[in-house]
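Just so it is clear, none of the values below were taken in a lab; they were calculated from the coordinates. Just so it is clear, the structure is predicted and the values come from calculations on it, not from any experiment. No Cβ is skipped: glycine too gets one built from the backbone with ideal geometry, and neighbour counts run over all protein chains shown.
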Amino acid sequence: MLTTIGSGTDFIVYRKDLSQCKFVSAGIEADLELDQVLLKVDKFALTANNISYAVVGETLGYWDFFPVADEAWGRIPAWGFAEVIRSKKDNVVEGDRVFGFVPMSTHLILQPDAVSQEGFVDASPHRNKFATLYNQYQLVKHNPLYIPEYEDHWALFWPLFMSAFVLDEFLSENNFFGAQAILISSASSKTAIALTFLLSRKQSSQCQIIGLTSPANLPFVKDLGYYNQVLTYDQIQLLPNNLSVVYVDIAGDKNLLRTLHNYFQNMKYSCLLGATHRTPQSGLEINNKLPGPYPKFFFVPEEMHKRVQQLGANVFYEYFDQSWSQFLLSISKWIVLINSTGQALVERTYLDILAGHSQPNQGYVLSLRTRSVQ
């Protein structure tokens, strides 16, 4: 029988209705198995990207990263920082601080493998089926890019920037499919901002970057200075319908997807990168009868693996690190960081983001820190 040394907390949501959420107690096992470590989750970012994980959780298995006993409920994965508070793994010591995929919880047990100065991979049996990107944990003490003052920026943007970086590389490799413009929905989202930052550094004058957003977010998106043109969703017809475009779908809105595919007669490429618009029309299922190229789901871990194989890990991460450092300087000019600790504030923030009430210039970094286990 397992013994516990205290009670942790999990934030869980009802998988069929994401607006239903609650906190549950979770026993913390006293005796780790060989090669396991116990982490205390310090902080995690909450953005529209986490809502996307939940929206496509059934299809892509995001509910399986951090399972709960009642499968009708689930823990939404997040990106954040945690501290090793118990270890039965060589070279992973108590006090080590890591960054990676964490649940919205107070504690987490991992089974580190392939430990190096840079970090380790979680080899827990239930996570073997997932891409390495999600199972990697960075040890910050040996990371030359790690600056404690930028932890919140890191939690908010690192995974989104990685997605944007890989897509930017893919589009560049394909010469942007010969398009005159790149059309990006949910232009105020952090993923879109990261992608547009990268595109704006290399695009020729023949290939414009056009953002689609809501009227409320229009001034913010324009002020970023990354896009060549910003339109609201009801202004699409201001663009010529013979314009050759690449469409990057971050909204995940099927009605919008259908509208764009029917309007643009020369769509060169169409891909789904997110699902920030939580509506009955959001998700991964795509109508194969749409005119133009079939919309493809852009699976970042797969494309990242291809890129690493082509360039080698050292070259890939060197290039990524250079771009990431430049991006950090850029976002520091406008991002407003909001830190919240405690169950009530975590729940309120989650429901606000779920309902689309958060402001695009705000970044939420949350914590369920507890003093019950040290």
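Quick look at the numbers
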| item | result |
| --- | --- |
| Fraction in percent of alpha-carbon pairs per bin - 10 Å, the chain | 5, 24, 33, 25, 11, 3, 0 |
| Prolate/oblate/rounded call for the stretch 159-302, Cα gyration tensor, a/c under 1.5 rounded | rounded |
| ³J(HN,Hα), Karplus 6.51/-1.76/1.60, whole Hz, each residue of the stretch 135-145, x for Gly, Pro | 9, 7, 10, 8, 7, 6, 5, 10, 8, x, 8 |
| Check: the stretch 110-161 dipole with +1 on Lys, Arg Cβ and -1 on Asp, Glu Cβ, in debye | 240 debye |
| Using θ = phi - 60° and Karplus 6.51 cos²θ - 1.76 cosθ + 1.60, couplings along the stretch 209-224 (whole Hz; Gly, Pro as x) | 10, 10, x, 10, 8, 7, x, 5, 9, 4, x, 4, 5, 5, 5, 4 |
| Calculated FRET efficiency for the pair N241/A123, C-beta based, R₀ 45 Å, to 0.05 | 0.30 |
| Under the Karplus curve 6.51 cos²θ - 1.76 cosθ + 1.60, θ = phi - 60°, whole-Hz ³J(HN,Hα) for the stretch 169-184, x wherever Gly or Pro sits | 5, 5, 5, 4, 4, 9, 6, 6, 6, x, 7, 8, 8, 10, 9, 10 |
| Whole-angstrom gap from the stretch 211-270 to the stretch 119-194, using each part's C-alpha centre | 23 Å |
| The chain - charge dipole about Cα centre, Lys and Arg +1 at Cβ, Asp and Glu -1, debye rounded to 20 | 820 debye |
| Cα centre as origin, Lys/Arg/Asp/Glu Cβ charges: the stretch 159-302 dipole, Debye | 140 debye |
| With Cα atoms, 0 to 90° folded angle of helix 300-311 axis to the chain main axis | 90 degrees |
| Partners for K141 among lysines (Cα-Cα distance below 24 Å; same-chain residues under 8 apart left out) | K40, K43, K88, K89 |
| Ranked H142, H107, criterion: other C-beta atoms within 10 Å, fewest first | H142, H107 |
| Within straight-line cross-link reach of K22, aspartates and glutamates at Cα separation under 12 Å, skipping those fewer than 8 residues along the same chain | D10, E347 |
